[in-house]
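Presented below is the structure to which this report refers.
Laboratory data are not the source of any read-out in this text; all were calculated from the coordinates shown. In this text the structure is predicted, and so the values were computed from the model without any measurement. Cβ placement follows ideal geometry from the backbone for every residue including glycine, while neighbour counts extend to all protein chains displayed.
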Amino acid sequence: MKLWLLCFTCLWIQVQCLTVKAQDSPEAAAVVGGAVTAGQRQLLIDVYYRAGNPDDEAWLKRAREYATQNPGLKVVPRDVAGNPDLEKSLKAIQAALKLPATAVPLVYGLNRGIHQAKDDADFSAQMDRLRVVEMYCKPNCPHCDQAEQHLKKVLPLFPGLVFEKRNITTDSQANSDLQALLRQRNTNSQTVPVLHLANQLLIGFDIKQKSGDKVDELLTRWSWAAK
């Protein structure tokens with residue numbers, strides 16, 4: 001009976017919620033962001049780097065160029081050189097994401113980090129994945145339909161996000177990827193939909209449980225209101 005309730009009421013479960021959040025933005029002069037309209041929100045992309053270090057500054061340039069080509073992102077430079085507060089924030093992010101203390105420069109957004117890239121193409125590919133919202137679903141699932149309808153209503157407010165709908169019944173790779181995500185979080189659930197965003201899994205969707213509000217809250221946490 002408990003399993004039946006879990007599968008068919010689609011209770012909300014938030015897995016592996018990291019405590020490190022996006023920081024307040026500095027003055028606009030230090031920020032590069034793709035064009036958005038009033039009412040939309042830009043995804044915050046912090047770049048932790050050391051000013052004067054050519055490799056680090058090359059990463060900052062990469063992030064800025066990527067944001068210029070992809071509307072809806074806001075790149076915020078975080079020069080950790082001689083800044084104890086930023087160094088502390090960087091260490092907290094490294095620990096939360098289980099990255100080495102040497103992971104500098106570090107691009108950080110939507111609770112995910114990028115600190116290694118073979119070349120510009122690899123960097124861009126990692127940035128593409130960072131901003132994806134995945135929805136794992138099955139056919140004829142009313143809760144999946146509810147989740148999709150909500151996302152289609154909300155995502156236009158976040159032009160930096162990319163939505164991917166993945167049917168685990170017809171797509172074996174999607175099912176394999178979902179099972180891997182569940183194993184990483186020591187979770188064994190057959191409930192759908194499963195939303196994968198901001199390095200978290202949100203399992204199930206129920207209007208009565210105000211699941212949509214929780215999605216909105218998470219997206220808002222990692223974004224900045226356009227002016």
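Kindly write out, for the range 179-190 in residue order, the coupling ³J(HN,Hα) from the Karplus curve 6.51 cos²θ - 1.76 cosθ + 1.60 (θ = phi - 60°), rounded to whole Hz, with x marking Gly and Pro.
Those phi angles translate into 4, 5, 5, 5, 5, 4, 9, 6, 10, 10, 9, 9 Hz.
In whole Hz, what ³J(HN,Hα) sequence does the range 58-63 give by Karplus (6.51, -1.76, 1.60; θ = phi - 60°), x for Gly and Pro?
So the Karplus estimates, Gly and Pro as x, are 5, 5, 4, 4, 4, 5 Hz.
If I model a spin label as a point 7 Å beyond the Cα along the Cα-Cβ vector, how far apart are those points for GLU65 and ASP177 in nm?
2.6 nm
Using the scaling law 2.2 N^0.38 Å as the reference, what is the normalised Cα Rg of the range 28-130?
Values: Rg = 13.2 Å, N = 103, 2.2 N^0.38 = 12.8 Å.
Compactness ratio reported: 1.03.
Pop a pseudo-label 7 angstrom from the Cα along the beta-carbon direction at both ASN199 and VAL132 and give the gap in nm to one decimal.
1.8 nm
Once both labels are modelled 7 Å past Cα along the beta-carbon direction, what's the ALA95-GLU164 spacing in nm?
3.2 nm
Mind listing the phi-derived Karplus ³J(HN,Hα) values for the range 72-77, rounded to whole Hz, using 6.51, -1.76 and 1.60 with θ = phi - 60°, and x for any glycine or proline?
Listing the rounded values in order: x, 10, 10, 8, 10, x Hz.
So which trypsin sites (Lys or Arg not before Pro) in the range 89-158 end up in coil per DSSP with only 11 or fewer other C-beta atoms within 10 Å? Kindly include the intermediate steps, with their values, before the conclusion.
Details: sites: LYS91, LYS98, ARG112, LYS118, ARG129, ARG131, LYS152, LYS153; in loops: LYS98, LYS118, ARG131.
Sites meeting the loop and neighbour criteria: LYS98, LYS118.
Of LYS118/LYS138; LYS138/LYS214; LYS98/LYS152; LYS61/LYS91; LYS61/LYS88; LYS61/LYS98, which ones are farther than 27 Å apart at the Cα? Don't skip to the answer; put the middle values down first.
Values: LYS118/LYS138 36 Å; LYS138/LYS214 22 Å; LYS98/LYS152 33 Å; LYS61/LYS91 22 Å; LYS61/LYS88 23 Å; LYS61/LYS98 25 Å.
Among LYS118/LYS138; LYS138/LYS214; LYS98/LYS152; LYS61/LYS91; LYS61/LYS88; LYS61/LYS98, the Cα-Cα distance tops 27 Å for LYS118/LYS138; LYS98/LYS152.
If each residue of separation counts as 0.36 nm, what is the full-extension length gain between GLU217 and ASN188 once their alpha-carbon separation is subtracted? Can you show the working numbers first?
Working: separation 29, 0.36 × 29 = 10.44 nm, distance 2.51 nm.
Separation in residues times 0.36 nm, less the Cα-Cα distance, equals 7.9 nm.
So how far, in whole Å, is the C-alpha centre of the range 65-92 from the one of the range 126-188?
Going from one Cα centre to the other spans 27 Å.
With a ≥ b ≥ c taken as the square roots of the eigenvalues of the C-alpha gyration tensor of the range 102-227, please select rounded if a/c is under 1.5 and otherwise prolate if a/b is larger than b/c or oblate if it is not?
Judged from the Cα gyration tensor, the range 102-227 comes out oblate (a/c at least 1.5, b/c at or above a/b).
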